[in-house]
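The values are calculated or read from the model by the stated rules, or taken from the named source; none is laboratory data. No experiment lies behind these values; they were computed from the predicted model shown. Because the Cβ atoms are built from the backbone with ideal geometry, glycine has one as well, and the counts that use them run over all protein chains shown. Surface areas here come from the heavy atoms of the whole protein model, side chains and all, with no ligands, DNA or RNA. Shrake-Rupley method; radii C 1.70, N 1.55, O 1.52, S 1.80 Å.
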Amino acid sequence: MSHVRSAPAGKSGGSGGSTPAKRGRPFGSTTGSGAAAAAAAAAIGDAAAPAALVGPSLQVLTALSDQNNKRIVLALQSGLKSEILWALNALTVLSFKEKDDLRRDTTPLAKVPGLLDALLQVIDDWRDIAMPKDHTKPPRVRTLGVNTTLSGFGHENVEKVYSDTTTPSDDQTKTDDSTVTKKRSAGFLFDEEGLFNVDDEGRTEKQQCAVAASNIIRNFSFMPENETVMVQHRHCLETVFQCLEDQNTEDDELITNMLETLVNLAPVLDLRIFSSSKPSFIKITEKRAVQAIMGMLASSIRVWHCAAAELIGRLIINPDNEPFLLPVIPQIYKRLVDLLSVPAVDAQAAAISALYNAAEVNMDCRLKLASERWAVDRLLKVVKTPHPVPEVCRKASMIVESLVSEPQNRMHLLVHENTFAEILTSEGKYSDTFARILYELTARPSNKVTAGQAIWGNIN
């Protein structure tokens, strides 16, 4: 099955502007996506984009979506393998956008009536059977019609053969050469290629379809015109969070797609939708949603815990989400501080981004962060190393500055006074920030003259 796995270039990276940046696929995960894109284009009769565009590129006729909207939805709802495969390939191509997009006037796919529900149904069909075989009901023994050649209730007679002619079986020598006796196994009724089998092969096919559907939903989330529809679709959000809850048993690619979808929608996501009057299918609550995020944050898989950290940083910006995240803020801080010690620069960047937003919520958040063991030490280490991305170092220094603004934190920060002075004298980029930090720490009447105060006097 074809997958186009690439984030729009215009949406990835950077934090400037009013709209938060959206995450793309982890580095290296787009290997071979050019061939996949070509296969998807061939599946719906489309041509490849000019070679001048870098990366997996496709030219998609604008009329393709408009002419086939209803057919795509009906194909997803049909339950037929060939129809579902065609629809998923078409949507994979249509949902892929990049910097030099040639489809600026295309209809937002999430607004096509019934399309999002049809994609979620593909995922639900897989999740309905994605359970240990020990919990599945064994096949029932059917005895009705057992004496007939074809009972229609089971496989009791699949090994028997029957004839389409009335040639007597006791005198085969009298059969004329022009009479063709067709003998077929009754099992042909169970080999219909248009339907999914109920065996392991059928389970695998449904799983592949579910992963493809999750990839399309992920691609939808990169398009700003789809955000409002998706964050107000309770079934969509419930499916996403339920997949995150099952991270230990569900398909890895499915989990990654759902997590990235949530990261993209986080700036406009309100967790109160789970207690709204909108119809519920899975009964996800705000508390379960937060616990699912915490489970991803605690994961040992780097892509997952980095995305979860970024997700928390984006969710907590919304004041309506604060009541659900603040009860677990100590656990969040502990894990984020642990991520600061990870050598991976992307993990450090994700943790800094989340801490930067969390420290701005209220005074209690700043007090808890300052009292977290190793928090200030590791923030300063990010600045001193320094981190290869200057914006990360700037945010780390600003977090320390926000902590020192609380008088109750001064005792936690005074032990790092020499480090502040060292950064002030050796690093020019953030000298203004650390000058303000030292001033806040040492310019109090009750304090003795310290090394930081002496340096501050020399600067003046």
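Of note:
- Any hit, segment 101-121, residues being at pLDDT below 80 and among the polar types (S, T, N, Q): yes
- Selection status of residue 282, among the aliphatic types (A, V, I, L, M) and either open to solvent by 50 Å² or more (accessible area, probe 1.4 Å) or outside any helix (DSSP H, G or I) (or both): yes
- Those residues of segment 285-297 which are open to solvent by 10 Å² or more (accessible area, probe 1.4 Å) and part of a helix (DSSP H, G or I), in sequence order: 286, 287, 288, 291, 294, 295
- Residues in segment 315-327 that are open to solvent by less than 60 Å² (accessible area, probe 1.4 Å), farther than 18 Å from residue 285 by Cβ and part of a helix (DSSP H, G or I): none.
- Single unsatisfied condition, residue 444 versus (1) touching a Lys or Arg at 6+ places or on another chain (Cβ under 9 Å); (2) modelled with pLDDT of 85 or more; (3) open to solvent by 20 Å² or more (accessible area, probe 1.4 Å): (2)
Results for (1) surrounded by 20 or more Cβ atoms within 10 Å (Cβ to Cβ); (2) among the hydrophobic types (A, V, I, L, M, F, W, C); (3) in a helix (DSSP H, G or I); (4) out of contact with any Gly (no Cβ under 8 Å at 6 or more places or on another chain), shown as yes or no for each residue.
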residue: 203; (1), (2), (3), (4): no, no, yes, yes
residue: 209; (1), (2), (3), (4): yes, yes, yes, yes
residue: 214; (1), (2), (3), (4): yes, no, yes, yes
residue: 217; (1), (2), (3), (4): yes, yes, yes, yes
residue: 226; (1), (2), (3), (4): yes, no, yes, yes
residue: 229; (1), (2), (3), (4): no, yes, yes, yes
residue: 258; (1), (2), (3), (4): yes, yes, yes, yes
residue: 261; (1), (2), (3), (4): yes, no, yes, yes
residue: 264; (1), (2), (3), (4): yes, no, yes, yes
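- Residue 250 meets each of the listed conditions (1) assigned to a helix (DSSP H, G or I); (2) within 15 Å of residue 124 (Cβ to Cβ) apart from (1).
- Odd one out for residue 238, checked against (1) open to solvent by less than 10 Å² (accessible area, probe 1.4 Å); (2) more than 21 Å from residue 320 (Cβ to Cβ); (3) acidic (Asp, Glu): (2)
- Set 300, 277: member being under 24 Å from residue 253 (Cβ atoms), part of a loop (DSSP other than H, G, I, E, B), hydroxyl-bearing (Ser, Thr, Tyr) and free of Cβ contacts under 8 Å to residues at least 24 places away in the same chain: 300
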